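Contents: one structure, followed by commentary.
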Amino acid sequence: MHAVGIARRSYGQGDLERCRNQLNRLLKDSLGRDAISRTSVVYDAFESISDVNRSQDHNGLHVLYAPKGTDADTEIERLLNQHSSPKQVLVVSSDHRLHRAARRRKASCVDSEDFLTGIQSSSTADTPPAPQSPPQKNVSHDAAEEQLQSWADEFERHENESDPITEDSHFTDDYLKEIQRDIDDRKLP
């Protein structure tokens, strides 16, 4: 929520839930249907009374709240450690503790701001922002194409290596293919 610019220093009653819903809508509107079905968002749940209903579905987006007494980062590490195919996981966080945890499991990782820029640049310029959405960066078509080319170059570099995931990787090959499909689906006639 910090990367998107909707987090606050303090929250009044209902504000935190509204901000979380705003981020959920942004992700749902920016990612393709297949990507959404494979995405989990983990929130801290400090205000929850119990651990009941920690896992929820928000219009196809899987939302998970950290157990009482812990935080989202710890829950993400736990999920990562339990994942049967961590090489297929992309951890989106600006917390470099999570980046180290992802690399240990051979998962990919990317800073939240970089991910946000990537999904915003793949959105069509003619799509107006959703009501109450955070301010969108104005990304030109050329900048979007440049970002896409950068991802394609990274993808090609990994295809030519014997070990497709390195310590410096940000995206898995499958994730890059998914981004390419999403961008192709959104191109204007």
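Worth pointing out:
- Filtering the stretch 58-67 to residues that are modelled with pLDDT under 90 and in a strand (DSSP E or B) leaves only His58.
- Where a residue in the stretch 82-98 is more than 18 Å from Tyr43 (Cα to Cα) and in contact (Cβ under 8 Å) with a residue 40 or more places away in the chain and its partner, wherever it lies, is hydrophobic (A, V, I, L, M, F, W, C) and surrounded by 20 or more Cβ atoms within 10 Å (Cβ to Cβ), with Cβ under 9 Å and at least six apart: Lys87/Ala107; Gln88/Ala107
- Take the conditions (1) farther than 20 Å from Gln120 by Cβ; (2) part of a strand (DSSP E or B); Asn53 misses just one of them, which is (2).
- You will find that of Gly5, Gly12, the residue that is in a loop (DSSP other than H, G, I, E, B) and under 24 Å from His99 (Cα atoms) is Gly5 and no other.
- Filter result for Ala66 (touching a Ser or Thr at 6+ places or on another chain (Cβ under 8 Å) and in contact (Cβ under 8 Å) with a residue 24 or more places away in the chain): yes
- Subset of the stretch 15-48 [farther than 25 Å from Ser121 by Cα and part of a loop (DSSP other than H, G, I, E, B)]: Asp44, Ala45, Phe46, Glu47, Ser48
The values are calculated or read from the model by the stated rules, or taken from the named source; none is laboratory data. These numbers were taken from a predicted model, which means no experiment stands behind them. Quick reminder, even Gly has a Cβ in these numbers, built from the backbone with ideal geometry, and neighbours come from all protein chains shown.
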